[in-house]
1. Has the stretch 848-855 got at least one residue that is outside any loop (DSSP other than H, G, I, E, B), closer than 16 Å to LEU871 by Cα and either assigned by the TED database to the domain that holds ILE902 or in contact with a helix residue (DSSP H, G or I) (Cβ under 7 Å, 6 or more places away or on another chain) (or both)?
2. Report whether or not PRO702 is under 30 Å from TYR423 (Cα atoms), within 21 Å of the chain's Cα centre (by Cα) and not hydroxyl-bearing (Ser, Thr, Tyr).
3. Go through the residues of the stretch 408-415 one by one and say whether even a single one is outside any strand (DSSP E or B), free of Cβ contacts under 8 Å to residues at least 40 places away in the same chain and either out of contact with any Phe, Trp or Tyr (no Cβ under 8 Å at 6 or more places or on another chain) or not aromatic (Phe, Trp, Tyr) (or both).
4. Taking the condition of being farther than 28 Å from LEU859 by Cα and part of a loop (DSSP other than H, G, I, E, B), how many residues in the stretch 888-930 meet it?
5. Can you tell me how many residues within the stretch 970-1025 are among the hydroxyl-bearing types (Ser, Thr, Tyr) and in a helix (DSSP H, G or I)?
6. When you scan the stretch 438-452, do you find a residue that is more than 24 Å from the chain's Cα centre (by Cα), within 25 Å of ALA638 (Cβ to Cβ) and part of a strand (DSSP E or B), even just one?
7. Taking the condition free of Cβ contacts under 8 Å to residues at least 24 places away in the same chain, within 21 Å of LEU604 (Cα to Cα) and in contact with a helix residue (DSSP H, G or I) (Cβ under 6 Å, 6 or more places away or on another chain), does ILE1132 pass?
8. Among the residues of the stretch 600-608, are any touching a strand residue (DSSP E or B) at 6+ places or on another chain (Cβ under 9 Å) and either of a type in the set (Lys, Arg) or in a loop (DSSP other than H, G, I, E, B) (or both)?
Amino acid sequence: MGDLMHHILHPDPSNSAELLSELGLSGLPSREQVHAQIEEKLLLPKERLPDHWLSTYQVHWEHELSVPSLLSLDPSPPPTTLAFVRTGLQGRVTGYTEVSTPRISSGLTSTSLDRAPGPSSNFVRGKAGYVPFWPGGLEDVAAESKAIDSLSENSKGLRKVAPGLTRGLRLPGDDTEEALDDLEDLSQRTHLNTIKTAHKPIRRTNIQKRDWAHEVDINRPMTNFHELVPEMAHKYPFELDTFQKEAVYHLEMGDSVFVAAHTSAGKTVVAEYAIALAVKHMTRAIYTSPIKALSNQKYRDFKQTFSSSSVGILTGDVQINPEASCLIMTTEILRSMLYKGADLIRDVEFVIFDEVHYVNDAERGVVWEEVIIMLPDHVNIILLSATVPNTKEFADWVGRTKKKDIYVISTAKRPVPLEHYLYAGRDLHKIVDANRQFLGQGYKGAGEALRRKQDKEREAAGLAPVQRLGARAAAPQRGQRGGPVGRGGQRGGMPARGGAPSARGGAPRTFHQPDKNLYVHLLGNLRKKALLPVVVFTLSKKRCEENASTLTNADLCTSVEKSEVHVAIEKALSRLKGSDRKLPQIRRMRDLLSRGIGVHHGGLLPIVKEVVEILFARGLVKVLFATETFAMGVNMPAKCVVFSGIRKHDGRSFRDILPGEYTQMAGRAGRRGLDTTGTVVITSNDELPEQGTLQQMILGAPSKLQSQFRLTYNMILNLLRVEALRVEEMIKRSFSENRTQKLLPDHMKKVIESEKTLSRLPKLSCDVCSPDIERFYDISYEIVERNDVLHATAASHPQGNKMLSAGRVVILRDGHFKWHIAAILKSAPVIENLKSYFVLAMVDPETKRGANDVDPQSLPPRWPPLPASLLVDDATYELRAVPLTSIAMVTAQTIKVDVDLIVLGHRISHMQDAVKSLSIVLDQWLQSDTIPEIDWSRVRSLDFQETLGARNELVVKSAECQSVNCEDFEDHYAIIHGEKILKANIAELKRTISDQNLELIPDYEQRIAVLQDLKFIDDNSTVLLKGRVACEINSANELVLTELILENTLAPFDPEEVVALLSCFVFQEKTDSEPKIPPKLEEGRDAILAIADRVARTQDYHKVPGQDFRQLKFGLMEVVYEWAKGMPFEQITELTDVPEGTIVRVITRLDETCREVRDAARVIGDAELFKKMEEAQIKIKRDIVFAASLYF
């Protein structure tokens, strides 16, 4: 192309032929060339249009984008449709009628059990946006079934009453009497009649007073049981106890039951039977337990009782066989399912609550109450509990809340009776026998044995015996004792425990250093008496390990048993990878278990605890050192239980074990069918426990079930999501409000009766009184109230108190004294929390006898008193103590009185002299026709003087009223007073009935204000995006974590760092080791603390109390960070002093928190955070922390 252009621009004659040829101008084209050009230019389609065509043929149309047009919205279906009425075999159309259109409701909008099921993926756990099913026992505020409740034949089947109205259009010819009645009723009545029509949303007339709990007498044998239950759903190889038969019978009858019985009495039979019934009925039973470990144990037990296919388990991280007839889960999982509207709940027939006494737990007790309140109506409730004093009260609350009859079956009988011993002086001393009789002689013997032992030890140490005096002589003091070295091979090479510094060296033994040989000798004693296996309850994790360490030479297993233990341990450890099998805790456990010794506490790895439980159940662990948590397990009884001490730390302070806790732990003693009695031993180290303490602990009544109900932000937000459910309804149905709600029917009855009485009262019709008698009444009432405030202020003021001294003349008015003159003598003991005075009054004999006493409420308010009203016939004296409120006026007069002779000596002559003095004062007042009030100006108090001025202004206003001029004013005033009192009583009763009287309403209002300030809800209490995120958070502080997510604080961090930061929400224990964390994590920690501080300030502003639990603790931040980065567990344990079991528990709970944050990320559409949380879960779910339970 370049050459051609060159030739054109610079022509050369010699190249002309070549140039013309290239341009196609050398001659005429051939026929083929012409055809090819025609075909190319005119016949063949072009790959693109020519550029010069664009301006002619390219046209743009303007399209306006309308966002609503992008949404596909179907019109709302009409609530009713017209249908033909057909008759005859041919189906002839004879008319038409209006029928309701069946509503197609979903889990997003409807609380009905008839709503359309959701996707199968949400069947078990529900979905965040779904609303819960309607809780049983709640009055249905918006009953869908009553959408069309007024169809009239006269109007051809068309509706005549519009929704929300009590009546429809009145057509010509309709009955008008009802309308006239309504008008007449309105004209007579100025208040709202709360019990008029059934169309009102709050159907108060339905509230009945009745007992929902029915106690079953189990002392009467159930001889006809096999006739009542001919075909049992589950057969037992033994004859059931009476209480079990009663429970089985009531379950067969479809009732709810509350079974309270001692540990190992056989409560599990009731749970098993309910599961068997669910299998038979092809429904489901849910078994809930307070702790995850107990869920795992029950899963194994029920799998052995029933088939594997019939039993499933749901925990935070495990879901096995969720389609089974029996599902085992913790109460928190069930709560989440209820709030998220899981479709599985439709199939549930029974919910079994085990260990119901856990409702007393301050942190988690609220969950039990929430779940019971939220359960739908078709679910029967089975409550299993240790013996508690108020089973009937609790069952009555459940029954009243769910509107179900609950049958209370409680037995105090223990299948294997217990004998209680003190271990002192290396011998057992029985202090309570099998009949629960306290043996004082045994206690005394234990004291003497301990004293002899101490004296011997002091003698061996070269010290003088302890001098004991007084009543405590038998029970030794906490002393310092010495002992020989190397005895029994236990103390060889260790310094002796000297009482005082000596050549032996060593320091005096403190209270927390028990006798190292105690368990060696005790174990020898128990072996001789054939009392193994034994559980030694030690109420501290550290002391459990220390006590086990003292048995270095004990070997309690035969060679066959050692082999069994070895095989069981190897099988369990096969689930772990190589380095985890060599953990120090596992090596130590191998050594102890091979010798028949076990340790069980919260600091152990879950797999270690499970190995110990399984070997103990098989009888291969002879001595088990355990904390209190072992008592709340499945039936794992021993022959003997030992208490290493009777004091425990409950998270706040040290205290004695409560009777209920003692009973729960002691109940592990005695194996049913193997032992005739169970043995309980209490060890005494330095001194015996007090006799009273022991009696209360062993024989005292266990703690009552008490409500721990409190409002949480998660609960409030979950309920605000559902328009039909109100938080007030939840509060009203809590166990804490049970007593006040039980009185509701009585209060409602009183309201109805009072309103009837009010309507029957005579109406005042007097031309003189009517214009302002009510105004006069209101002013007088306010004067009397201010007067009472004046007197109360004066009595608490130094100067005012002097004015109310002996001899001061006052006017009395109360139910006893109508208007009487009296003299103050001196202060009296407090009456009904009010300051009181001894007074000497001038009265008539009838008043003195009390013949004229009336209810103080019946006295109309009047002030000031008139002298004429103080006159009495046949005046005599009356000495009486009266509260300050009985003094209507403090006058300017004083008289001379001898206080001691009147008050203490009751001298009649002195009292008569005082009455004469009062009579003289009254005569002076009658002459002047006024009663002079004391000069209050000496009381220098601004509040007092303001109240005084306001009262005096009101007195002037009352004098302007004309009604006092009426001849029958007193009678008319009494009528007005009766009406006003009745109205006030009705208003007070209605306030008591109303939601505003609920104890937790102020807390609710404060929390709502916090949520509004933080923008979780709007001013109309509609849940906003932040609130929807907070609904996903159950395992951590929902406010702080939600702020953290929505402020995108976690964005710059890697998954390992995110999970380390989140550990502060889950870790709650103490640690002395300071974590070493990189600078980036420190930034994250500071950001979390800043958010937490801001939330705390908002809560403080609205006076919302902080929680003792769920505080932010960063002690395991480094541990979690390194674990997520892949560090082996053996190295992890060296980073902190926190026990291995706690680390595992925190990381397991952290997995749950990660899942909640992941779901929250889905709600807000944050794909990056969603992915990050999934990665974080993968990184922490490994090795020993997430090793499968041995029970699965």
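1. So far as the stretch 848-855 goes, yes, one or more of its residues are outside any loop (DSSP other than H, G, I, E, B), closer than 16 Å to LEU871 by Cα and either assigned by the TED database to the domain that holds ILE902 or in contact with a helix residue (DSSP H, G or I) (Cβ under 7 Å, 6 or more places away or on another chain) (or both).
2. Numbers: under 30 Å from TYR423 (Cα atoms): yes; within 21 Å of the chain's Cα centre (by Cα): yes; not hydroxyl-bearing (Ser, Thr, Tyr): yes.
Spelling it out, PRO702 is indeed under 30 Å from TYR423 (Cα atoms), within 21 Å of the chain's Cα centre (by Cα) and not hydroxyl-bearing (Ser, Thr, Tyr).
3. Restricting attention to the stretch 408-415, the residues satisfying the condition of being outside any strand (DSSP E or B) are 412-415.
After this cut, where a residue has to be free of Cβ contacts under 8 Å to residues at least 40 places away in the same chain as well, the list is none.
Looking for residues that are outside any strand (DSSP E or B), free of Cβ contacts under 8 Å to residues at least 40 places away in the same chain and either out of contact with any Phe, Trp or Tyr (no Cβ under 8 Å at 6 or more places or on another chain) or not aromatic (Phe, Trp, Tyr) (or both), one finds none in the stretch 408-415, hence no.
4. 8
5. Step one: list which residues in the stretch 970-1025 are among the hydroxyl-bearing types (Ser, Thr, Tyr), which gives 973, 992, 994, 1004, 1021-1022.
The next check asks that each one be in a helix (DSSP H, G or I); those that pass are 973, 992, 1004.
Residues that pass the stated criteria total 3.
6. Within the stretch 438-452, one or more residues are more than 24 Å from the chain's Cα centre (by Cα), within 25 Å of ALA638 (Cβ to Cβ) and part of a strand (DSSP E or B).
7. Judged against the criteria, ILE1132 is a match.
8. Looking through the stretch 600-608, at least one residue is touching a strand residue (DSSP E or B) at 6+ places or on another chain (Cβ under 9 Å) and either of a type in the set (Lys, Arg) or in a loop (DSSP other than H, G, I, E, B) (or both).
The values are calculated or read from the model by the stated rules, or taken from the named source; none is laboratory data. This one's a predicted model, so the numbers in the text were calculated from it and none came from an experiment. We place every Cβ from the backbone using ideal geometry, glycine too, and count neighbours over all the protein chains shown.
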